[in-house]
Amino acid sequence: MKNVKTLTLIAAAVAAMTTGTVQAEQFYGFASVSVNYLDWTDKAEERSNGGYGGAKEDFVYLEVEGGAGYSWGDVYGFIDLENPQNINTSDRDFSGSPVTDSFRVAAKGSVAVNIGESNWNFYNHIYSLTVAGEGFFDQNLVTGVSYDIFTDSGFWIKPFLGLHYENQTFSGSGFNGYMAGWVLGYNFKLGGQDFMVTQWHETEFAREDQFRSNGTQYTLDSVGHNGAVSLWWNATKEFTAGVQYRYADQKLGTAAYHDGVIFTAKYNF
């Protein structure tokens, strides 16, 4: 029930992004649906499936994404349906082999509220992952501050720093150190076409021992990294194609560096 409530709150936040806010000036807004394919590298699969934990397999996922900026701050969120072809499959694998093709729901919602007239914000985000076939869930709440930087060149960046609270099936609930990171973007034209480079990055540090076990002989380091660098081609107002380099180190249950490529076709509302 707790997971359902969390996903409901995130879904409500995503829905709110596409609507106006009473007595607030809206500066920007976007919403999209996309089809994505994540292709892990051979090295990533060898490390993840070969004893370092967090077994990996290539998969398709559908995503609903949206965001908006207002005079009081900004909001962002997404909901991913991973392995949607297995949405009606819920049998757990009791053979001891990792379940890599389970239907999964990943969702994130974030809000940054302006602090006075400054570029500083009160920042909060919540991320939730639920794995149907394994009865696994992991929820991460980060609360802290962020800072907005915009330039006339088309480059922008929003770094953040916050306390990290985690609630997970096997590790329980509690304080799990800190998280720092950023989202950034750069818009440019090439050959008369509109392109954009973006990155999101998260670094967890001072993680508690309680959350560093991954079910293998290895233990996750106290510091972990997670993120992606993306190139987007805005072919038309409605259609965007993208390729993303996805990376993680001492994250996603794997006590090693692992990476992959995501291919995306996106429809913009």
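The values are calculated or read from the model by the stated rules, or taken from the named source; none is laboratory data. As the structure is a prediction and not an experimental result, all values here were calculated from the model. Glycine also receives a Cβ, built like all others from the backbone with ideal geometry; neighbour counts cover every protein chain displayed.
Which of the residues belonging to region 169-195 are surrounded by 15 or more Cβ atoms within 10 Å (Cβ to Cβ) and at pLDDT below 95? Across region 169-195, the qualifying residue is only Ser171. Please work out if Lys189 is over 27 Å from Arg47 (Cα atoms), assigned to a loop (DSSP other than H, G, I, E, B) and of a type in the set (Lys, Arg). Against the criterion (over 27 Å from Arg47 (Cα atoms), assigned to a loop (DSSP other than H, G, I, E, B) and of a type in the set (Lys, Arg)), Lys189 does not qualify.
Once region 108-142 is narrowed to residues that are aromatic (Phe, Trp, Tyr) and closer than 27 Å to Gly54 by Cα, the residue that is nearest to the chain's Cα centre (by Cα) is Tyr127. Among the conditions (1) modelled with pLDDT under 95; (2) part of a helix (DSSP H, G or I), Gln217 misses just one, which is (2).
Just need a number here: residues in region 12-59 that are farther than 18 Å from Thr264 by Cβ, modelled with pLDDT of 90 or more and either of a type in the set (Ser, Thr, Tyr) or part of a helix (DSSP H, G or I) (or both). So the answer is 9. Within the set Thr198, Thr203, the sole residue that is at pLDDT 95 or above, closer than 23 Å to Gly253 by Cβ, assigned to a strand (DSSP E or B) and among the polar types (S, T, N, Q) turns out to be Thr203. Inspection of region 224-243 identifies at least one residue that is within 27 Å of Gly29 (Cβ to Cβ), in a strand (DSSP E or B), out of contact with any Pro (no Cβ under 6 Å at 6 or more places or on another chain) and free of Cβ contacts under 8 Å to residues at least 24 places away in the same chain. Looking only at region 204-213, decide whether some residue is in contact (Cβ under 8 Å) with a residue 24 or more places away in the chain and within 16 Å of the chain's Cα centre (by Cα). The answer is yes, given that some residue of region 204-213 is in contact (Cβ under 8 Å) with a residue 24 or more places away in the chain and within 16 Å of the chain's Cα centre (by Cα).
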